[in-house]
1. What residue among L25, L35, L129 shows peak mean-square fluctuation when the chain is described by a Gaussian network model with Cα springs under 10 Å?
2. Could you state, as a whole-number percent, how many of the C-alpha pairs of the chain are farther apart than 29 Å?
3. Please tell me the relative contact order of the range 5-232 in percent, rounded to the nearest whole number, where contacts are Cα pairs under 8 Å and at least six residues apart.
4. Do the sum for the chain: with -39,500 (n - 2.57) for every DSSP H run of n ≥ 4, divided by all residues, what is the mean residue ellipticity at 222 nm, to the nearest 500 deg cm²/dmol?
5. Run the accessible area of the range 150-215 with a 1.4 Å probe and give the carbon-and-sulfur part as a rounded percent.
6. Expressed as cubic angstrom per residue, what is the convex hull volume of the alpha carbon set of the range 118-233?
7. So who's got an amide H within less than 5 Å of the one on R188, skipping anything under 5 residues away but keeping other chains? H placed 1.01 Å off N, in plane.
8. Quantify, in whole percent, the carbon and sulfur part of the accessible surface of the range 1-140 (1.4 Å probe; protein heavy atoms only).
Amino acid sequence: MAGAVRIRGLVKDFGSRRVLSGLDLDVSGGEFVALLGRSGCGKSTLLRILAGLDPDVEGTFEVPERVSVAFQQPRLLPWRRVWRNVSLGLRGVDGRAVAERALAEVRLAGHADAWPLTLSGGEAQRVSLARALVREPELLLLDEPFGALDALTRLAMHHLVEQLWREHRPAVLFVTHDVDEALLLADRVVVMDEGRIVAEHRVDLPRPRRRAAFADLRSRVLSNLGVDDVEAA
Ligand SMILES: Nc1ncnc2c1ncn2[C@@H]1O[C@H](COP(=O)(O)OP(=O)(O)OP(=O)(O)O)[C@@H](O)[C@H]1O
Ligand SMILES: [Mg+2]
């Protein structure tokens, strides 16, 4: 499949602080890539740049025409009903019908007319996913989308994201702090440090995956992150 993302020598400074220092990364069409790295290493900065939200950079990057982002916080507009949040900014289509279809995909068919403040955290996050999906993105950027959710809801969200990815086949760049989450979902795990990609691992395991299947890989990724894997010891 054609390349979805091609980044070469990307440099980003905030004042005198260099956050991205010549970053190179490719993501193939339809590929699911997880991006790990310690807090403050520049993951969200990279996603914002790829989403076109920060034009002030050096280096080059290419992304497809349709790019969607879902952030750690769902960022719904509280004064608009759920379906309007989902269809926000769509033109030339029946917004209600498109929103209802996307809401059904994230198992929220009955919530189209709800107000965002009445939703649970997991529901709000699913609305945010629906909003990303209605644009039928060729590239889906997910910035710690499940960071604020409890463990059980996270599990359900893993299944959902995997299923949506399988059906729509966007390229995905998925930021997470959770190594297991990365290894459960991704085709490839990349690790960032000092503003560059410093390690990458292909995850050649059939889906759905079990944690037991990637104990070794888990230790290696944790060591890339400078953490000892106590479970493996
Ligand atoms: N608008 C900004 N102005 C100045 N500095 C910024 C700005 N946005 C981010 N930074 C700095 O850039 C660095 C990278 O931030 P970024 O949010 O990309 O990190 P991150 O890898 O996403 O971290 P986390 O895992 O905690 O979300 C941080 O040191 C942050 O303080
Ligand atoms: Mg971040």
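1. L25
2. Above the 29 Å cut-off, the chain has 28 percent of its Cα pairs.
3. 27 percent.
4. Theoretical 222 nm ellipticity from helices: -9500 deg cm²/dmol.
5. 51 percent
6. Spread over its residues, the Cα hull of the range 118-233 gives 121 Å³ apiece.
7. F32, A34, V203
8. Carbon and sulfur: 49 percent of the exposed surface of the range 1-140.
The values are calculated or read from the model by the stated rules, or taken from the named source; none is laboratory data. These numbers come from a predicted model, not from an experiment. Because the Cβ atoms are built from the backbone with ideal geometry, glycine has one as well, and the counts that use them run over all protein chains shown. These accessible areas exclude ligands, DNA and RNA; they are computed on the full protein's heavy atoms, side chains included. Shrake-Rupley method; radii C 1.70, N 1.55, O 1.52, S 1.80 Å.
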